[in-house]
Structure formats: C-alpha cells, structure tokens
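The values are calculated or read from the model by the stated rules, or taken from the named source; none is laboratory data. The model shown is predicted, which means the values in this text are computed figures rather than measured ones. FYI the Cβ positions are ideal-geometry reconstructions off the backbone, even for glycines, and counts take in every protein chain you see. We work out accessible area using only protein heavy atoms, side chains counted, and drop any ligands, DNA or RNA first. Shrake-Rupley method; radii C 1.70, N 1.55, O 1.52, S 1.80 Å.
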Amino acid sequence: VTAASTVTGVAATTSAAGVVPVVTAASTVTGVAATTSAAGVVPVVAAVNFTPMRMNKSGTFAIPSSTLTLVTGWTADAGYPGTVITSNALVAAESATKTVTANMAYINNINGFTVTCAIFKNSTQIGSSTNTVANGTVVVTITSHTFASGDTFSMKASNSAGAFGTVSSGTTTFLKFE
C-alpha cells in the first residue's frame, strides 16, 4: 500500500477476522459496515509525517569568552526542504521524539583552551560538549528527545579563556533534528 493507494476492505466472515489494512496518513480507506455476524473492517493508520530540519552556518562566528553566546548567521540546508529558521533557531513544525545534533567546526583555538558547544531548546540548555584542540569539531547529540510543535533549537558557543577561535562556515557546522 502506498500513500496514493485506495484500500477497500471486505466484510469479516465466521471463519476470518476480516481485512486490517495498514495505510499512511495520506491514504484513502473505505470500510464495509459491520453486520450482526461480523466485526467489519478496522483500518490502522501508520506513521504521521515528520519534517526533519537542518541549518548550516553561513559565514564565520568569533567564539566569545566564558559565557555561552548564541551562534548567529544560519541558512536552511537544501536537503531539508521543510526547515524553518527564526531568530537563529530551528522551529519544530510538529511534536515528535527525535535525535537532535549540533556539529560545530572551529579553527584558531590557541593554548588548548576549552571550546564549548551547547544546544538550547526554548532558551534552556539541553546538552553540551567540549574540545581543546586548536582546530577541531565539537559534537553534541541528544537521542530520543521529545519536543512540541513550535519549540526552538539553537546553538551557543564559548571559550574558557578568552575570545579565541572561530566557528567555521558551511556544512561542517550545523544544527539538525531528524
């Protein structure tokens, strides 16, 4: 059964329970009315559509000292056509439980200072990770995270010892949920 299929069930008999089609949210289902001797057709609707989203860093960003600061300047990834970005944050189109990932590539961190990347949902930190190499990547992954339609996800960054390091531009720095 595909999303464009029309599924028609048949009445149950004394020797069988009837048809139980599995369809998607976009399918059309036509059932047969139950009789005094049969249970009728019971359609089962499968998965609800979900809109995965990803934004990539556009331009560089100087990593600030000590305080986690919003990383600004994002563009929607062309591979995620449903992406909505408002005020440097992804905006969930529907409720779901999915994996949220931040990948922050950076350069020019001197003296092994600690670079931190954090994910925020609706202004509350939900995860973070660090790295101390001069040129590297900080990855934050939160699996099975539940969120609601309209929730926002943003990335913040800091450096432990001063304004050292630059967040890289392009597809190596991104925030996504899928």
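Provide, in order from the shortest bin, the percent of all Cα-Cα pairs of region 57-121 in each 5 Å bin, continuing until the bin that contains the maximum pair distance. It works out to 3, 12, 23, 25, 16, 10, 7, 2, 0, in whole percents.
Simple spin-label estimate for Thr97 and Thr171 gives 3.1 nm between the two label positions (7 Å along the Cα-to-Cβ direction from each Cα). Would you mind pulling out the separation of the Cα centroids of region 92-165 and region 70-85, in Å? Centre-to-centre distance over Cα atoms comes out at 15 Å.
Computed from backbone phi, the HN-Hα couplings of region 135-142 come to 10, x, 9, 10, 10, 10, 10, 10 Hz, rounded to whole numbers (Karplus: 6.51 cos²θ - 1.76 cosθ + 1.60, θ = phi - 60°; Gly and Pro given as x). Per-residue extension of 0.36 nm, minus the Cα-Cα distance of Thr75 and Glu178, leaves a gain of 35.4 nm for this segment. Once both labels are positioned 7 Å from their Cα atoms along Cα-to-Cβ, the gap between Ser87 and Thr51 label points is 1.9 nm.
Note on Ser58 and Ala148: the extension gain reaches 29.7 nm, defined as 0.36 nm multiplied by sequence separation minus the Cα-Cα distance.
Within the full protein context, the accessible area of Ser66 is estimated at about 80 Å² for a probe radius of 1.4 Å. Peptide packing for 102-109, 162-169 was compared via the average number of neighbouring C-beta atoms within 10 Å per residue; ordered from the highest value, the list is 102-109, 162-169. Mean projected area of the convex hull spanned by the Cα atoms of region 80-178, taken over all viewing directions: 6.1 nm². Backbone phi angles across region 67-81, fed through the Karplus curve with coefficients 6.51, -1.76 and 1.60 (θ = phi - 60°), yield HN-Hα couplings of 8, 4, 10, 4, 7, 10, x, 10, 10, 5, 6, 4, x, 10, x Hz in residue order; Gly and Pro are listed as x.
Extension gain, Asn108-Thr132: 0.36 nm per intervening residue step, less the Cα-Cα distance, totals 7.6 nm.
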